[in-house]
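Taking it in order: structure first as structure tokens, then the write-up.
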Amino acid sequence: MSQITYEAVIEAWKQKNISTVADLDVVLSDYRIFFAYNSNTIEGAGVSLHQTREIFDNGKVVGYTGDLRALFETQNQKECYDFLKSKIADKESLTPELIRIIHEKLCHGCYDESRWAKGERPGEYKKNYYGVGLSVGVPPEDVPDEVDYICRELAEAKLNTAEAVLKAAIWFHCNFERIHPFADGNGRTGRTILNYILTINDLPPVIIFDEDKEAYFMALEIFDHSDRIDGFVSFIKEQYIKTWVRRGPKGDFVAI
């Protein structure tokens with residue numbers, strides 16, 4: 001039984017010659033649902049994969065009795081994908097302004113009362129300090145400059161190979177999470193931005209699976225303490241294979 005490598009996944013994606021929104025919709029029809037489900041579940045959302053599919057495919061879900069915020073978060077994932085797909089097809093550069101729009105799309109209607117009372121709003125940088133752990137989360141007054149800096153670094157990076165794109169996207173993601181620019185929704189926003197950077201540079205998007213979130217958090221923590229991304233790169237390559245490989249009719253693994 002053959003094993004598909006990360007390199008084979010990348011090559012299979014490039015052979016699809018995706019250039020239009022219609023192309024993206026066909027290739028990402030199932031992916032967008034699995035991504036939304038896993039990205040939300042990492043944050044503790046209680047919407048099942050089946051319910052996520054119902055929202056994406058039918059715009060509604062029947063028999064749900066959980067937290068309504070989780071439904072809003074899932075609907076927001078769908079609307080954010082619909083908003084971004086034309087920008088992906090056009091390879092629109094990532095900017096601080098686009099980051100704030102992505103955050104607003106993902107967090108619309110989902111801020112809790114305590115954050116709202118403090119003046120926090122989706123699509124706006126945090127106005128209060130929300131640190132995570134010992135080294136994550138810069139003070140609010142530093143957020144605009146920090147986000148501007150990582151966007152400039154990304155724009156100036158030489159992304160002439162798949163490996164360079166992958167490392168740049170991961171570097172950006174790790175720095176974004178360390179900055180923690182928003183009062184809430186930094187994880188979901190950061191994972192969406194990671195895939196935006198990958199796809200506008202002709203790499204497939206990737207799912208960080210909820211079942212692997214401990215390894216994901218560990219990779220982020222290692223970066224926080226060392227600025228090293230090599231472990232994160234290896235982790236994402238494994239997630240790529242998990243995202244894009246299935247068993248073929250003869251039992252072999254095939255890239256899709």
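Points worth noting:
- Among residues of segment 214-235 that are over 16 Å from Phe172 (Cβ atoms), those with a Cβ under 6 angstrom from a residue that is of a type outside the set (Val, Ile, Thr), sequence gap 6+ or separate chain, pair up as Ala215/Phe235; Ile222/Gly231; Gly231/Ala219.
- Unmet criterion (only one of (1) buried (at least 20 other Cβ atoms within 10 Å of the Cβ); (2) touching an Asp or Glu at 6+ places or on another chain (Cβ under 9 Å); (3) not hydroxyl-bearing (Ser, Thr, Tyr); (4) not in a loop (DSSP other than H, G, I, E, B)) for Asp212: (1)
- Just so you know, in segment 88-120 the residues that are under 15 Å from the mean Cα position of the chain (by Cα) and among the basic types (Lys, Arg) include one that is nearest to Ser39 (Cα to Cα), and it is Lys105.
- Residues considered: Ile236, Ile200. Of these, the only one that is crowded, with 16+ Cβ neighbours inside 10 Å, within 30 Å of Arg121 (Cα to Cα) and either at pLDDT 95 or above or in contact with a Leu (Cβ under 7 Å, 6 or more places away or on another chain) (or both) is Ile200.
- Selection within segment 176-192 - part of a helix (DSSP H, G or I) and in contact with a Leu (Cβ under 7 Å, 6 or more places away or on another chain): Glu177, Arg188, Thr189, Thr192
- Restricting segment 40-54 to residues that are among the aliphatic types (A, V, I, L, M) and crowded, with 19+ Cβ neighbours inside 10 Å, the residue that is modelled with the lowest pLDDT is Ala45.
- Filtered residues of segment 17-39 (kept if surrounded by fewer than 19 Cβ atoms within 10 Å (Cβ to Cβ), among the small types (Gly, Ala, Ser) and part of a helix (DSSP H, G or I)): Ala22
- Among residues of segment 102-115 that are part of a helix (DSSP H, G or I), those with a beta-carbon under 7 Å from a residue that is of a type in the set (Phe, Trp, Tyr) and crowded, with 18+ Cβ neighbours inside 10 Å at least six positions away or on a different chain give the pairs His103/Phe182.
- Ser93, sole failed condition from (1) assigned to a loop (DSSP other than H, G, I, E, B); (2) over 22 Å from Arg121 (Cα atoms); (3) modelled with pLDDT under 95: (3)
- Residue within segment 160-167 that is out of contact with any Gly (no Cβ under 8 Å at 6 or more places or on another chain), assigned to a helix (DSSP H, G or I), surrounded by fewer than 18 Cβ atoms within 10 Å (Cβ to Cβ) and polar (S, T, N, Q) present: no
- Among the residues of segment 66-80, those identified as of a type outside the set (A, V, I, L, M) and part of a helix (DSSP H, G or I) are Arg69, Phe72, Glu73, Thr74, Gln75, Asn76, Gln77, Lys78, Glu79, Cys80.
- Complete set of residues in segment 55-92 that are in contact (Cβ under 8 Å) with a residue 60 or more places away in the chain and exposed (fewer than 13 other Cβ atoms within 10 Å of the Cβ): Ser86, Lys91
The values are calculated or read from the model by the stated rules, or taken from the named source; none is laboratory data. Fair warning: this is a prediction, and the values are worked out from it, not measured in the lab. Neighbour counts are summed over all protein chains in view; Cβ atoms, including those assigned to glycine, are modelled from backbone coordinates with ideal geometry.
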